[in-house]
Amino acid sequence: MMHSKVRKVGNSAVMTLTTEMLALLDVKEGDSLFVLRGDDGSLRITAHDPEVMAALEAAEIVMNENRDLLAALA
């Protein structure tokens with residue numbers, strides 16, 4: 001478990017990410033992060049846009065289902 005504090009900066013609340021957290025997320029300063037809310041009220045921080053990930057998974061399914069057709073078109 002990692003620990004971080006929330007502090008006030010201007011009119012916002014800010015959570016500082018440690019170097020270890022940045023390394024685990026594979027991000028650097030200036031990168032975008034996405035926060036997802038779980039059914040249990042928890043928050044999940046990810047470096048990948050969930051909508052893009054869902055689209056890529058759907059494309060992979062279509063490509064697997066139509067592998068022969070796509071190979072013929074290539």
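Close contacts from the range 51-71, counting a first residue that is within 20 Å of V35 (Cα to Cα) and a second that is hydroxyl-bearing (S, T, Y), with Cβ to Cβ under 9 Å and a gap of 6+ residues or different chains, come to M53/T46. In the range 41-52, is there at least one residue being at pLDDT 90 or above, surrounded by fewer than 10 Cβ atoms within 10 Å (Cβ to Cβ) and small (G, A, S)? Looking through the range 41-52, at least one residue is at pLDDT 90 or above, surrounded by fewer than 10 Cβ atoms within 10 Å (Cβ to Cβ) and small (G, A, S). Answer yes or no: is there a residue in the range 31-42 that is in a helix (DSSP H, G or I) and either in contact with a Lys or Arg (Cβ under 9 Å, 6 or more places away or on another chain) or aromatic (F, W, Y) (or both). Within the range 31-42, none of the residues are in a helix (DSSP H, G or I) and either in contact with a Lys or Arg (Cβ under 9 Å, 6 or more places away or on another chain) or aromatic (F, W, Y) (or both). For the range 58-67, the criterion of being farther than 25 Å from L17 by Cβ, open to solvent by less than 60 Å² (accessible area, probe 1.4 Å), outside any loop (DSSP other than H, G, I, E, B) and not β-branched (V, I, T) is met by at least one residue.
Within the range 13-34, the only residue that satisfies the criterion of being open to solvent by 90 Å² or more (accessible area, probe 1.4 Å) and touching a Leu at 6+ places or on another chain (Cβ under 7 Å) is K28. Total residues in the range 9-26 satisfying the condition of being acidic (D, E) and outside any helix (DSSP H, G or I): the figure is 1.
The values are calculated or read from the model by the stated rules, or taken from the named source; none is laboratory data. A quick note: this is a predicted structure, and the numbers were derived from the prediction, not measured. Positions of Cβ are backbone-derived with ideal geometry, glycine not excepted, and every protein chain shown enters the neighbour counts. Note: areas computed on protein heavy atoms with side chains; ligands, DNA, RNA excluded. Shrake-Rupley method; radii C 1.70, N 1.55, O 1.52, S 1.80 Å.
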